[in-house]
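Trainee: Quick one: this structure, given as structure tokens, is what I'll be asking you about.
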Amino acid sequence: MKEKILFCGNDYFEALISDIEHASKSIELESYIFTIDSLGKKIISALTNAAKRGLKIKVLVDGAGTPNWQGKEITKLELAGAKTRIFRPFPWRLWQMSRSYIKTPTLLKLIYLLLNINRRNHRKTCIIDKKIVYIGSYNISKNHLDKNHNGDNWRDTGVRLENINPNDINDLSQAFIAVWNHISIKDKIKNFFRYIHTNPIIRLNNTRHRRRILYKNLLRRIKSCETKIWITNAYFVPDHFLLRKLKEAAHKGIDVRILLPQHSDVIFMPWASKAFYYSLLKAGVRIFEYQPSILHAKTLIIDDWFLVGSSNLNHRSLRHDLEVDVNICTSRAKSSLNQQFLLDLAQSKEIFLSDWQKRPWYQNLVGKLILYIKYWV
């Protein structure tokens, strides 16, 4: 298997567009956010041309992340033969139902959407010709591009996979189709009894059973860690179990470092994360805040175990949202992730317990108040 880690949005989207332009059979693309900006238009143009060449194109966006999936570019894409769909549009946006699996909304269907409004598809993937896969935390938005490309230079991480085991590709493709078609109760029951690997190459949390197994596996790895736990995460709101395991690891002398954004696209998120600083710092965990731009990456290094993907360490990812991560295997890719983490730390400010205790009282109060709604963040 070939793994190429991409830390720069320019490189990531340049490679993605090139692979779309050279595709010959099919493209299945899903993105939580798909903005129709300069970058979005480039990708839609590449997809439109691919559809005109006769490729089977499916584009899936989330109803909350991409509430305005409309316009002439989308119409041209669909007229070229591509299919697009919105995952769980907001129930009050009736005009979006034609692009949802709910074609004719009824009262029961609208109630279903309302009750599941907090469960989103947060994955960012692209499967090209069932051979090449992109996975990471890059939404389709020019925010990830540098200033020379009218972007905001967000710090992010993605991976391009090639020569993957067909079973892994099939699992990812089936997860895409399940969301595309809205999996039935019958299929959910079947999936519940399927064997689930505790350490798959592609980690999908698309069933409650799988979600629970993978999370327990993560906690066990933290517990049995011998040298280091290096975390890069955009939205860090850990539950009680994860928080306890991280503090226990630090108490044992494990090198636990957490890299978080100083500024976030979700305004209140740094305040929520800061509510955990005191107990973590007191336990010996080192915390860093990234300075140059918004940090949106999600990577995890535990000894020689490396993950890259869309999962945050918060209640949304752990309990509600559909996510996907990649278990990085090659030594070259692991080395690049190690180096990038240290490079990011060099551009970050370390938070010390002595400084943290001097912060204004109201900041601590606001952070704790936000945690009362942690089920939603």
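Each reported figure results from applying straightforward, stated rules to the coordinates on display, with no laboratory input. Because the structure is a prediction, the values reported are computed rather than measured. Virtual Cβ from ideal backbone geometry, glycine too; neighbours counted across all protein chains shown.
Trainee: What Kirkwood Rh does segment 2-181 have if only Cα atoms enter the pairwise 1/r average? Answer in Å. Walk me through the numbers on the way to the answer.
Mentor: On the way: mean 1/r = 0.0598 Å⁻¹.
About 16.7 Å for segment 2-181.
Trainee: A further question follows. If you wrap a convex hull around the alpha carbons of segment 203-376, what volume per residue comes out, as a whole number of Å³?
Mentor: Working: hull volume 18.9 nm³, N = 174.
Dividing the Cα hull volume of segment 203-376 by its residue count gives 109 Å³.
Trainee: Still on this structure, I have one more. Under 1.5 on a/c is rounded, so check that first for the chain, then, if it is not, pick prolate when a/b is larger than b/c and oblate when it is not; a ≥ b ≥ c are the square roots of the alpha carbon gyration tensor eigenvalues. Each step should come with its number before you reach the end.
Mentor: Details: a/c = 1.55, a/b = 1.46, b/c = 1.06.
It is prolate, given that a/c is not under 1.5 and a/b is the larger ratio.
Trainee: Here's something else I'd like to know. Compute a Gaussian network model of the chain, connecting alpha carbons closer than 10 Å, and tell me which residue from Tyr290, Tyr138, Tyr278 fluctuates the most.
Mentor: It is Tyr278.
Trainee: Around Asp19, with a cut-off of 9 angstrom between Cβ atoms, what is the net charge of the other residues, counting Lys and Arg +1 and Asp and Glu -1? Kindly include the intermediate steps, with their values, before the conclusion.
Mentor: On the way: positive: Arg160; negative: Glu21, Asp129.
In short, -1.
Trainee: What does the charge count around Lys52 come to, taking other residues whose C-beta lies under 13 Å from its C-beta (Lys +1, Arg +1, Asp -1, Glu -1)?
Mentor: Value of the local net charge: +1.
Trainee: What's the magnitude of the charge dipole for the chain around its Cα centre, counting Lys and Arg as +1 and Asp and Glu as -1 at the beta-carbon? Answer in Debye, nearest 20.
Mentor: 1300
Trainee: Longer than 27 Å from Cα to Cα, which of Lys72/Lys130; Lys131/Lys245; Lys245/Lys274; Lys147/Lys247 are they? Say none if no pair is. Write out the running numbers ahead of the final one.
Mentor: On the way: Lys72/Lys130 29 Å; Lys131/Lys245 38 Å; Lys245/Lys274 18 Å; Lys147/Lys247 38 Å.
Beyond 27 Å between Cα atoms: Lys72/Lys130; Lys131/Lys245; Lys147/Lys247.
Trainee: Another question, then. What helices does the chain hold that run 15 Å or longer along their axis, going by alpha-carbon atoms, with a Kyte-Doolittle average of -1.0 or more, using DSSP H for the helix calls? Could the numbers behind the result be given before it?
Mentor: Working: long enough: 9-21 (18 Å, -0.20); 38-52 (21 Å, 0.27); 166-181 (22 Å, -0.06); 208-223 (23 Å, -1.40); 240-251 (16 Å, -0.37); 331-346 (23 Å, -0.20).
Both cut-offs are met by 9-21, 38-52, 166-181, 240-251, 331-346.
Trainee: Dividing the alpha-carbon radius of gyration of segment 233-305 by 2.2 N^0.38 Å (N being the number of residues), what value is obtained? Please list the in-between numbers first.
Mentor: Numbers: Rg = 12.2 Å, N = 73, 2.2 N^0.38 = 11.2 Å.
Here the answer is 1.09, to two decimals.
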